[in-house]
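Encoded as structure tokens, the structure appears first; notes follow it.
Taken together, the values in this text are just the output of simple stated rules run on the coordinates, not laboratory data. Computed from a predicted model, the values in this text were never measured in an experiment. All Cβ positions, glycine included, derive from the backbone under ideal geometry; neighbour counts span all protein chains shown.
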Amino acid sequence: MYMDNSFEQIRKFDPEIAGYTEQEEKRQLETLCLIASENYASPVTVGMEGTVWANKNAEGYPGRRFAGGCEIADQVELLAIKRCKELFGCEYVNIQSMSSTLSNVAVLRAILKPGDTILSMELNQGGHLSHGARFHYSGKTYNVIQYGLNRETETIDMEQVERLAKEHKPQLIICGTSSYPRKVDYERFGEIAKEVGAYMMADIAHPVGLIAAGVIPSPVPYADVVTTSTHKTFRGPRGCGVIMCKEVLGKKIDQQIFPGLQGAPKMDMIASRAVLFKECMTEEYRNYQNQVLKNAEALADELKKCGLRLVSGGTETHLVLVDIRELIPTGREAEDVLGSVGIVVNKNMIPYDPQSANLASGIRIGSPALTTRGFKEEDMRETARLLAKALKHYENKEILEEVRKAVKEKAVKYPMFAEEWNPCD
Ligand SMILES: *Cc1c(COP(=O)(O)O)cnc(C)c1O
């Protein structure tokens, strides 16, 4: 195929970019990635991007294109949609959005009028900027009311959700989170939305892979719309927002993606996601997602043993939110110290954080990326101990150097994508 050996050619033609790419590959192999929103995309799906599909203009939707020569492209997009419906059991799918944030904007534009009321989760407590943050399109265009966590349990305060829904009569209730370690009660959200006559949207960008594999519950039976990205637990490449919805909303949402917000779709992205959906139906994928859950639990358990407090006390997903104040003053320092020893994390606010978002009192970590590399429970425990050791001795250069060596030694033993998850024989 015409893209074969392209990296060899780039090495000759553009050694600067080739050099950076090799440096980045080395970085990804020599560090331990605990960023909950990152993963190593499955080679079969990432490999589909940049194929001949990257050349095709397929503006419009299957059967209604604004460019010729789309007969085969139509088959690919229809197959992607069919597989997505099978995988999640949803009625209608749009697969053209270039990102999940953009998908959310399209949904809001399709079902709301400017000034309508949205009830959604506060950003600082685990929500997402596209759910009504004041600096985002969603927050500037709609009247946004927000719910948060119960102070004691640090889980979503469903009584508050119900009270706010009854009081403000929103047109849309949004659930789904970016830094919440627990399962979301989609059924209850659906009931509350029904009671007040609101649409219910679940944004599953974070836990979607666990849902696709059936290892945690799905919002599809209870939501009018479900949106997701494809690069977190899903383990596909970045870019792409998938919108699943009830049949009656389908055409309106399609129109908001194209021609409302975008032009021609990225056909290589769509072909790649068709492969991803097929991969999600394999035993290897289900085993992977089960291991993601077990690994997050092992990570959480060992961090507690090392004296760290976990928000909500633990995890039921791929994600752990750690209050680091027992060992180091701020999340920013934690991120920097861990980065210096090769453990890659991001600082994150904890519920009712006394610090600003810039400093924060926590770190958000997750198991998807290391699980892709082949880590099992004992490896996660070892990683947790290294993490805690670095934080505890953040001012001791010698101990940090010891941890840095141990991290690199551990990381280089694992491939980027473990053979056991490979769905191809
Ligand atoms: C990560 C995330 C998104 C954004 O996905 P992009 O494809 O990067 O725009 C949307 N919603 C939630 C809840 C997320 O966690």
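If you count Lys pairs in region 283-421 whose Cα atoms are under 19 Å apart, skipping same-chain pairs closer than 8 places in sequence, the total is 23. By the rule of a C-alpha distance below 22 Å, with chain neighbours fewer than 8 residues away ignored, the lysines paired with K85 are K232, K246, K251, K252, K266, K278.
With a/c under 1.5 counting as rounded, go ahead and sort the chain into rounded, prolate or oblate using the C-alpha gyration tensor (a ≥ b ≥ c being the square roots of the eigenvalues; past the cut-off, prolate if a/b is larger than b/c, else oblate). The shape class here is oblate. Subtracting the Cα-Cα distance of E30 and E409 from 0.36 nm times their residue separation leaves 135.6 nm of extension gain. Cross-link partners of K12 among aspartates and glutamates, defined as those whose alpha carbon lies under 16 angstrom from its own and excluding same-chain residues fewer than eight positions apart: D4, E22.
Here region 283-421 was treated as a single set of alpha-carbon atoms; its pair distances binned every 10 Å from 0 give 13, 43, 34, 10, 1 percent. For region 64-143 and region 344-367, what is the centre-to-centre distance using only Cα atoms, to the nearest Å? When both Cα centres are located, 27 Å separates them. The Cα trace of region 1-126 gives Rg and Dmax of 19.9, 56 Å, the first to one decimal, the second as a whole number. For region 138-145, the Karplus equation 6.51 cos²θ - 1.76 cosθ + 1.60, evaluated at θ = phi - 60°, returns couplings of 4, x, 7, 9, 10, 8, 10, 10 Hz by residue, with Gly and Pro reported as x. Each of K140 and D425 was given a label point 7 Å from its Cα along the Cα-to-Cβ line. The distance between the two points is 5.5 nm. The ranking of S340, S138, S37 by Cβ neighbour count inside 10 Å, starting from the fewest, reads S340, S37, S138. In a Debye calculation with equal point scatterers on the alpha-carbon sites of region 52-279 and no solvent, what is log10 I(q)/I(0) at q = 0.10 Å⁻¹? At q = 0.10 Å⁻¹ the computed log10 ratios are -0.43. Cα convex hull, region 74-154: 124 Å³ per residue, rounded to a whole number. In plain terms, the chain from N358 to N150 could stretch by 72.5 nm, reckoned as 0.36 nm per residue minus the Cα-Cα distance. Peptide packing: for 204-214, 18-28, the average count of neighbouring Cβ atoms within 10 Å per residue gives the ranking 204-214, 18-28, highest mean first.
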